[in-house]
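The values are calculated or read from the model by the stated rules, or taken from the named source; none is laboratory data. It should be emphasised that the depicted structure is a prediction, and the values quoted were computed from it without experimental measurement. Note: ideal-geometry Cβ built from the backbone for every residue, glycine included; neighbour counts use all protein chains shown. For the accessible areas, the whole protein counts, side chains as well, though only heavy atoms, and no ligand, DNA or RNA atoms are used. Shrake-Rupley method; radii C 1.70, N 1.55, O 1.52, S 1.80 Å.
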Amino acid sequence: MESENIKVPTVAELSSQGKTPEVLFWVGCAGSYDDRYKKVTEAFVRILHHLKIDYAVLGPEETCTGDPARRAGNEFLFQMQAMANIQVLNGYEIKKIVTACPHCFNTLKNEYPDLGGNYEVIHHSQFLQQLIDEDRVKMKEGGDFKGKKITYHDSCYLGRANGVYEAPRKVLEALDAELVEMKRCRTKGLCCGAGGGQMFKDAEPGNKEINIERTEEALETGASTVAVACPFCMTMMSDGVKFKGRESDVKVLDLAELIAKSEGLMK
């Protein structure tokens, strides 16, 4: 995996040298295959590389955590996928995992221990907040987002499922932007409509798609940027903005992209 002169190390390569990375970056299916979310992977890799973090990815040895299978009711497939991943992770003696996907985060953190996979798992919003708190990420004065209105959409699997509300907002505060909250946020946040396997099935009968409802709430804030921290939310909110014909003046961006752009690591 290479990105403009950035050579991303794999755990297998490090293992052949007798090394184990301090942090395993779990890329996830969306970060690997979805064209839009690949940009988030690139942004986060650029941050890790810029700060000389000791990290690596599993590369071709990484497979789906099994989250969609379990949510859709296929417990047998979930356990097969989970056990295969745990075997690989334990074989490399991985201790710390960071991922940009709340679904991977929730599954690795809360469900893998039942099957023998015990790791310190943190979401990239928490990781970025730590880097900012440690002064390792220093925002430029008058950065790209200074004074601009940004609203943040809480991912269900990050927020209500795991109580992570402050880390993403701390990251946005560091941008020196104006954070404008939607009426439904934090513990009262509204789902984007994709979680629990809904991403992969037809919508239920009704008058309006959930992502349109949520996008309308985001647009009502007057923000020019909708910040997200989940590939599912990214897809649903982006689709909503397009549906409303606002893609020219309202951007949907992941926290890693916001930091990378502010740091001048990405255009």
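From the list Glu220, Glu216, exactly one residue is in contact (Cβ under 8 Å) with a residue 24 or more places away in the chain and open to solvent by 60 Å² or more (accessible area, probe 1.4 Å). Which is it?
Glu220
Just one of the numbered conditions (1) open to solvent by 60 Å² or more (accessible area, probe 1.4 Å); (2) at positive phi; (3) more than 21 Å from the chain's Cα centre (by Cα) is not true of Gly245; which one?
(1)
Considering only residues that are surrounded by 15 or more Cβ atoms within 10 Å (Cβ to Cβ) and in a helix (DSSP H, G or I), which ones fall in the stretch 88-104?
Val88, Leu89, Pro102, His103, Cys104
Does the stretch 105-117 contain at least one residue that is farther than 26 Å from Cys191 by Cβ, part of a loop (DSSP other than H, G, I, E, B), over 19 Å from the mean Cα position of the chain (by Cα) and not hydroxyl-bearing (Ser, Thr, Tyr)?
yes
Mind listing just one residue for me: the one in the stretch 248-260 that is open to solvent by less than 20 Å² (accessible area, probe 1.4 Å) and more than 12 Å from the chain's Cα centre (by Cα) and, of those, farthest from Phe127 (Cα to Cα)?
If we take residues in the stretch 248-260 being open to solvent by less than 20 Å² (accessible area, probe 1.4 Å) and more than 12 Å from the chain's Cα centre (by Cα), then Val250 is farthest from Phe127 (Cα to Cα).
Regarding Glu111, is this residue open to solvent by 10 Å² or more (accessible area, probe 1.4 Å) and either in contact with a strand residue (DSSP E or B) (Cβ under 8 Å, 6 or more places away or on another chain) or more than 30 Å from Gly18 (Cβ to Cβ) (or both)? If you could, list the steps in order and put the result at the bottom.
Values: open to solvent by 10 Å² or more (accessible area, probe 1.4 Å): yes; either in contact with a strand residue (DSSP E or B) (Cβ under 8 Å, 6 or more places away or on another chain) or more than 30 Å from Gly18 (Cβ to Cβ) (or both): yes.
For Glu111, the condition - open to solvent by 10 Å² or more (accessible area, probe 1.4 Å) and either in contact with a strand residue (DSSP E or B) (Cβ under 8 Å, 6 or more places away or on another chain) or more than 30 Å from Gly18 (Cβ to Cβ) (or both) - is met.
Name the helices (runs of 4 or more DSSP H) wholly inside the stretch 1-87 in which the number of residues that are more than 22 Å from Lys267 (Cβ to Cβ) is 1 or more.
Values: elements: 11-16, 28-33, 35-50, 67-71.
It comes to 11-16, 28-33, 67-71.
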